[in-house]
1. Only one residue in 268, 327, 299 is touching a Gly at 6+ places or on another chain (Cβ under 7 Å) and either closer than 26 Å to residue 388 by Cβ or surrounded by fewer than 23 Cβ atoms within 10 Å (Cβ to Cβ) (or both), so which one is that?
2. If you go through the range 305-323, how many residues are buried (at least 17 other Cβ atoms within 10 Å of the Cβ), assigned to a helix (DSSP H, G or I) and of a type outside the set (Lys, Arg)?
3. Hey, can you tell me all the residues within the range 61-91 that are touching a Phe, Trp or Tyr at 6+ places or on another chain (Cβ under 8 Å) and either over 27 Å from residue 127 (Cβ atoms) or not in a helix (DSSP H, G or I) (or both)?
4. Are there any pairs with C-beta distances below 9 angstrom linking a residue in the range 337-359 that is closer than 15 Å to residue 281 by Cα and in a loop (DSSP other than H, G, I, E, B) to a residue that is open to solvent by 20 Å² or more (accessible area, probe 1.4 Å) and modelled with pLDDT of 90 or more, with the two at least 6 apart or on different chains, and if so which?
5. For the range 121-143, name all the residues that are crowded, with 16+ Cβ neighbours inside 10 Å and of a type in the set (Gly, Ala, Ser).
6. Spot the failing condition for residue 342; the list is (1) surrounded by fewer than 18 Cβ atoms within 10 Å (Cβ to Cβ); (2) under 23 Å from residue 432 (Cβ atoms), and only one is missed.
7. Look through 60, 117, 47 and report the one residue that is open to solvent by 30 Å² or more (accessible area, probe 1.4 Å), at pLDDT below 85 and hydrophobic (A, V, I, L, M, F, W, C).
Amino acid sequence: MPATDTSLTRLFERVTGDEDSRLCRDISDDACQQQPGNFFRHLLAALGNKLADELSNARLILPWLMGAIGAPVWMVGLLVPIREAGALLPQLLIAGYIRLRPIRKWVWVAGGVAQALGAAILGLLALFGHGSWGGALVLIALTGLALGRGLSSVATKDVLGKTIAKQRRGTLMGWSASAAGALTLLVGATLILLGDQPGHSALAVLLFAAALGWILNALCAAAIREAPGATAGGANAWQSVRQGFSLMQRDRRFLHFNLSRALLLSSALALPYLALLGQQNSGTDLASLGILIVTSGVASMIAGPIWGRLADRSSRRVMRNSAIGAAACCLAGAACAWLPETMRASVWPYALVYGLMMIAHAGIRLGRKTYVIDLADSDTRALYVAFSNTFTGVLMLAVGLMLGALAQWLGSAGLLLLLAALAITAALSSHALAEVEETKRQAPANAL
């Protein structure tokens, strides 16, 4: 074995805490031999992807961009629905297509390139976009970016399962999340230090940096050494949709969960309006954006481990409590309009509310993911997750369009009050869900 391969293997064993990298679970012998190198290719790819996601965040960066170029308020309400629905809706179709290809990494590469192109166009719009036409082009570029995200999302999981063994995948994702979080905080701190300067150029730099992150992601994906996989057994997308609706009819708990999850969208939809409200009152300078980025990053780092432990006890209660927190944050954001003028003109009240909302949103995301996994059994889990994601994507788009239509009339504060009411309804619905951690799941036919 060459010295470079030996040192890479030792580094892999040190990072993963394994004494022997040759012990692999559920991957081929050839993939096991290539695992140390593939581990670090995956790590760099995931780092580029996570950093790019944060630098083009539809909940913070893109609302700030829309405000900076003077786009109509109703367009802001479409950012999160387009980003999420564009990635979720095509997944059933993409999964069937990927299954027919023996080498899947090139689908991942195509998704990375599409996202890089979308981010680069957004960077150009930060420099040259203006008004309604600029906002419309932002939404079009975001649509392409979201579709690329859907491609990458499905392919990444497939390639990861073929090239990295069990009990090492979580370590890989943990390292990439920590590194990306640290880099995001560094970006936010840099913007704070730049002070009261116009934000157009900084937004362009952030979005061009996001494009570079996805280029890194695509290059690392292309370098992964992937053996051909099986091409049989691809599911028909429309058949999966029909099966999903049939499951909701037979399993009332699955139906109840999806209705609760739809109401819980209020937290994701509120975040862009909180960011826009802060920008409208405190200005578009770099320091304000940096404060929001740092607040968001710190909140996410704190919230994840806490909500994770609580979700293992009761994911239902995590969803309920997070929804109550989201409702309180929506009300607090709307109430900022009645603060004294000196406080209202500062970004800090909005940053505080935004950070608390990020904590609530993290709980909602973690709670619902844990609930649907524990609700299903090994035979139905993949269908439950895929159908629930697609169903949520449709609802996200529909609710986003409705909120966009109301935005010009109600304004950001008024929409936050409406979203607070939805979050309270979500809390009541989540409270009424069945516990799935305490008892073994019964067959759908016997579900309540």
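1. Details: 268 fails: touching a Gly at 6+ places or on another chain (Cβ under 7 Å); 327 fails: touching a Gly at 6+ places or on another chain (Cβ under 7 Å).
Within the list 268, 327, 299, the selection yields 299.
2. Here is the first cut: in the range 305-323, the residues buried (at least 17 other Cβ atoms within 10 Å of the Cβ) are 307, 310-311, 314-323.
Those left that are additionally assigned to a helix (DSSP H, G or I): 307, 310-311, 315-323.
When the remaining residues are screened for being of a type outside the set (Lys, Arg), the result is 307, 310-311, 315, 318-319, 321-323.
Qualifying residue count for the region: 9.
3. Here is the first cut: in the range 61-91, the ones touching a Phe, Trp or Tyr at 6+ places or on another chain (Cβ under 8 Å) are 63, 76-77.
Within the range 61-91, just 77 meets the criteria.
4. 339/349
5. Matches in the range 121-143: 123, 126, 129, 134, 135, 141.
6. (2)
7. Values: 60 fails: open to solvent by 30 Å² or more (accessible area, probe 1.4 Å); 117 fails: at pLDDT below 85.
The match here is 47.
Per-residue answers, yes or no, for (1) modelled with pLDDT of 80 or more; (2) open to solvent by 60 Å² or more (accessible area, probe 1.4 Å):
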position: 378; (1), (2): no, yes
position: 381; (1), (2): no, yes
position: 386; (1), (2): no, no
position: 393; (1), (2): yes, no
position: 399; (1), (2): yes, no
position: 406; (1), (2): yes, no
position: 426; (1), (2): yes, no
position: 437; (1), (2): no, no
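The values are calculated or read from the model by the stated rules, or taken from the named source; none is laboratory data. Only a predicted model underlies this, so the values are computations on that prediction, with no experimental measurement involved. For neighbour counting, all protein chains shown are included, and Cβ atoms are generated from backbone atoms with ideal geometry for every residue, glycine included. With ligands, DNA and RNA removed, areas are computed over all heavy atoms of the protein, side chains included. Shrake-Rupley method; radii C 1.70, N 1.55, O 1.52, S 1.80 Å.
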